[in-house]
1. Using a 10 Å cut-off on Cβ atoms, rank the peptides 60-66, 41-47 from the highest mean neighbour count down.
2. Using the C-alpha gyration tensor of the chain, what are the square roots of 5 times its eigenvalues, in whole angstrom, with the largest one first?
3. On a 0 to 90° scale, report how tilted helix 36-69 is relative to the longest principal axis of the chain, with both axes built from alpha carbons and the result rounded to the nearest 10.
4. Sum up the charges of everything whose Cβ sits under 14 Å from the Cβ of residue 47, counting Lys and Arg as +1 and Asp and Glu as -1, but leave residue 47 out.
5. If we sort 28-38, 13-23 on the protection proxy, mean other Cβ atoms within 10 Å, highest first, what's the order?
6. Between 0 and 90 degrees, rounded to the nearest ten: what's the tilt of helix 5-32 against the longest Cα principal axis of the chain?
7. Over the chain, what is the relative contact order in whole percent, taking alpha-carbon pairs under 8 Å and six or more residues apart?
Amino acid sequence: MSWLIVPGVIVTCIGLSLLLYTISRIWRAKKQGLSDADMKTQLQAAIAWNLGAMGCSAIGLMIVVLGILL
């Protein structure tokens, strides 16, 4: 089942790129010097992106492991 490894790596890389996007988004918000309410709104939106990125990476790694085991 080596054909599962390549799509798993692609999904993992997508998840990692989303994670880097989330980090850069938070960094920009921090540098803007927003008020507490605006910063809280930005961080709440970033939490959703972060959870999606981690989930995408985890699914990609599961696909890779499944391809290796089978």
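No value in this document is a laboratory result; all are computed from the given coordinates. Source: prediction; values computed, not measured. All Cβ positions, even for glycine, are placed from backbone atoms using ideal geometry, and neighbour counts span all protein chains on display.
1. On the way: 60-66: 16.1, 41-47: 13.7.
My ranking of the peptides, most packed first, is 60-66, 41-47.
2. 34, 10, 5
3. 10 degrees
4. With Lys, Arg at +1 and Asp, Glu at -1, the net is +2.
5. Output ranking for 28-38, 13-23: 13-23, 28-38.
6. So the inclination is approximately 10 degrees.
7. So the answer I get is 64 percent.
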